[in-house]
1. Could you rank the peptides 31-44, 49-62 by their average count of other C-beta atoms within 10 Å per residue, with the highest value first?
2. Past the 29 Å Cα-Cα mark, which pairs from Lys20/Lys58; Lys16/Lys84; Lys14/Lys84?
3. What number comes out for the charge environment of Ala9, summing +1 per Lys or Arg and -1 per Asp or Glu over other residues with Cβ under 9 Å away?
4. Tally Lys and Arg at +1 and Asp and Glu at -1 over the other residues with C-beta under 11 Å from the C-beta of Ile57: what net charge comes out?
5. Where the only charges are on Cβ atoms (+1 Lys, Arg; -1 Asp, Glu), what is the dipole of segment 6-82 about its Cα centre, to the nearest 20 debye?
6. Let me make sure I get this right: for segment 6-82, a, b and c are the square roots of the gyration tensor eigenvalues over alpha carbons, sorted descending. Under 1.5 in a/c it's rounded, otherwise prolate if a/b > b/c, else oblate. Which is it?
Amino acid sequence: MSEFKAKLALFPVKEKKNEKGPDQTGAIEISEDQRQAFIQFLTTAEAEEDYQGNSIIKLSVSTWTNEMKDGRKYLKGAVTPPYKPSEEVTSKPAASTSFDAEVPF
């Protein structure tokens, strides 16, 4: 699966136009040099079902709280492919029986 990195920023809305308006707005930025990796990811990623049964491609999002010059806080983050643990299973080494025999409890 192709690896890519993208940036994300969400800023608080200064004035909500109505109750149902968003609290934060922003953008996801994919640098031009990451475009092909992102396209490759989207075309080869395995789809999964969301809670409604829709077929989706999932992305991971991580955010950190930052502060603007005027003191307002905003979220800055990254968008990446979801973490998938390696299929290789690492096993713990077996405990040494001679060591176990030496422990008095």
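Quick note: the coordinates plus some simple rules give every number you see, no bench work behind them. Note that this is a predicted model, so its numbers are computed, not measured. Neighbour counts run over all protein chains shown; Cβ positions are idealised from the backbone, glycine included.
1. 31-44, 49-62
2. Cα-Cα > 29 Å for Lys16/Lys84; Lys14/Lys84; rest within.
3. +1
4. Computed value for this residue: -2.
5. Approximately 440 debye in magnitude.
6. It comes out oblate by the Cα gyration axes.
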